[in-house]
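Chemist: Mind looking over this structure? Questions follow.
Bear in mind these aren't lab numbers, they're just calculated from the coordinates by the rules spelled out. These figures come from a predicted structure and were not determined experimentally. Here the Cβ is made from the backbone with ideal geometry for all residues, glycine too, and neighbour counts use every protein chain on show.
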Amino acid sequence: MNKLNIGIVGTGFIAGILAPAIQSSKNAQLSAVSSRTLAKAEIFAADYPGVVAVEGADWLIARDDVDAVYVATPTAAKEEVARRALAAGKHVLIEKPLHSKQSFERLSALAREKGLVLMDATHFVHHPRTAVMRERCAELIGAPRSLHTMFYFPFSDRDNIRFDPDYEPMGAVGDMAWYSMRAVVEYLAPEVLEDIKVFAEHDRQSSAVIRATGVLKFDSGKTATFDVGYTAGAAVMDLALAGTSGILTQDDFVLDWHSGFGFDNPDIQTGFVHRSGMATRKDFVFIETPSEKSQHGLMIDNFANLIRNGDDAARETWLSATAKTQGFLDAIWREIQSQG
């Protein structure tokens with residue numbers, strides 16, 4: 001079976017992470033890369049023999065040897081690039097976040113019309129750990145009631161687009177609270193957001209949001225708290241899911257320590273911790289969820305498989321999860337904006 005030919009629009013940090021995963025996939029291969037300048041595209045492509053460098057997204061989208069486009073541009077440009085790719089009959093893998101839920105719904109409608117796959121590039125949902133936690137949730141902790149996530153990494157480079165509201169309007173909220181909201185979708189599975197309170201810290205020079213803390217109340221009394229940003233002096237990716245009969249925790253819910261692209265610790269097992277009752281640390285149970293591939297590698301495989309199998313129900317499942325995630329993120333952003 002022929003491999004899926006993927007072209008990348010954008011040559012930033014995250015594109016450099018996904019390119020090796022695409023090349024190492026049994027189901028996909030990198031065929032072209034584009035940047036706003038040909039020189040940048042050529043520098044990027046030099047590490048991948050046979051990959052064509054082109055200037056501008058339109059030239060990449062028009063290529064016959066590109067079946068799907070990975071949109072790795074700043075948020076401000078994502079919808080337009082993805083729209084042009086879908087209109088040209090290309091499947092799309094798009095970096096998070098989107099500009100808004102309405103933006104994603106416009107793209108979703110176009111993907112459905114064209115019979116194409118549209119998937120967001122959230123890595124952790126493709127790791128076996130996510131599926132195992134969902135499948136064993138009722139058995140281990142009963143009914144899930146609350147979720148807490150904390151995601152920080154120390155970052156202060158004001159020349160980076162994360163500090164430029166024109167390119168990344170939501171700042172740290174879009175960059176990091178996206179993962180918190182996706183965890184809400186995966187593990188709490190709420191339908192309706194009933195109330196929300198958020199505190200946000202802005203960078204004094206750029207006005208970009210660099211930290212946010214909040215609480216969300218959903219239907220059936222479920223709640224979620226999140227704490228994200230660039231201002232802590234250490235990397236932290238903690239998750240705690242509390243149910244009526246126990247708690248599940250992860251200390252690396254975004255990027256697993258074992259094979260996350262920011263970490264390479266093959267001696268650290270990937271999994272989650274279960275505790276219940278009056279357990280002390282010696283009673284905690286670690287449930288291992290090994291994977292032969294990194295979660296971003298699994299994402300590329302799943303994207304290619306979704307294109308090949310033509311399963312409309314599966315495609316809708318991915319679209320629904322993205323729309324819900326973006327909708328909760330939009331609510332956080334509206335609350336921040338209402339504060340002036």
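Chemist: Could you compute the FRET efficiency for ARG204 and ASN265, with r as their C-beta to C-beta distance and R0 at 41 Å, rounded to 0.05?
Modeler: Values: r = 36 Å, r/R0 = 0.88.
Given R0 = 41 Å and the Cβ-Cβ separation, E is 0.70.
Chemist: Continuing with the same structure: Distance in nm between label sites at ASN302 and GLU55, each 7 Å beyond Cα in the beta-carbon direction?
Modeler: Spacing of the two 7 Å Cα→Cβ label points: 3.9 nm.
Chemist: Amide H of TYR70: which non-local residues (sequence gap of 5 or more, or other chain) have their own amide H closer than 5 Å, using H built in the peptide plane?
Modeler: Close amide H contacts, sequence-distant or interchain: GLY7, ILE8, VAL9, LEU93.
Chemist: Place a label point 7 angstrom from the Cα of SER220 along the Cα-to-Cβ direction, then list the residues of the stretch 165-194 whose backbone nitrogen is under 15 Å away.
Modeler: Counting only backbone N, you get 184-194.
Chemist: Over the chain, what is the percentage of antiparallel beta bridges among all DSSP beta bridges, to the nearest 5?
Modeler: Working: 36 of 65 bridges.
Counting DSSP beta bridges with both partners in the chain, the antiparallel share is about 55 percent.
Chemist: What is the extension gain from SER24 to ILE43, computed as 0.36 nm multiplied by their sequence separation minus the C-alpha to C-alpha distance, in nm to one decimal? List each step's numbers first, then the result.
Modeler: On the way: separation 19, 0.36 × 19 = 6.84 nm, distance 1.98 nm.
The span from SER24 to ILE43 would gain 4.9 nm if fully extended.
Chemist: Work out, step by step, the length gained on full extension between SER276 and GLU288: first 0.36 nm times the residue separation, then minus their alpha carbon distance; give nm to one decimal.
Modeler: Gain on stretching SER276 to GLU288: 2.6 nm.
Chemist: Local charge sum around MET150 (other residues, Cβ-Cβ under 12 Å, Lys/Arg +1, Asp/Glu -1)?
Modeler: Net charge around MET150: -3.
Chemist: Give me the distance in nm between label points sitting 7 Å out from Cα along the Cα-to-Cβ direction at ASP195 and THR249, one decimal.
Modeler: Using points 7 Å along Cα→Cβ, the separation is 2.8 nm.
Chemist: Moving on. Among the lysines, select those whose C-alpha is under 21 Å from the C-alpha of LYS40, and discard any that sit fewer than 8 residues away in the same chain.
Modeler: LYS78
Chemist: Let me ask something else. Treating cross-link reach as a plain straight distance, find the lysines whose alpha-carbon is under 17 Å from the alpha-carbon of LYS197, omitting any fewer than eight places away in the same chain.
Modeler: Within the straight-line cut-off, LYS197 pairs with LYS217, LYS222.
Chemist: If you put +1 on each Lys and Arg Cβ and -1 on each Asp and Glu Cβ, how big is the dipole of the chain around its Cα centre, in Debye rounded to 20?
Modeler: Numbers: 34 positive and 44 negative charges, 82 e Å.
The calculated dipole for the chain is roughly 400 debye.
Chemist: Give, rounded to the nearest 20 debye, the magnitude of the charge dipole that the stretch 4-121 has about its Cα centre when Lys and Arg contribute +1 at Cβ and Asp and Glu contribute -1 at Cβ.
Modeler: About 300 debye.
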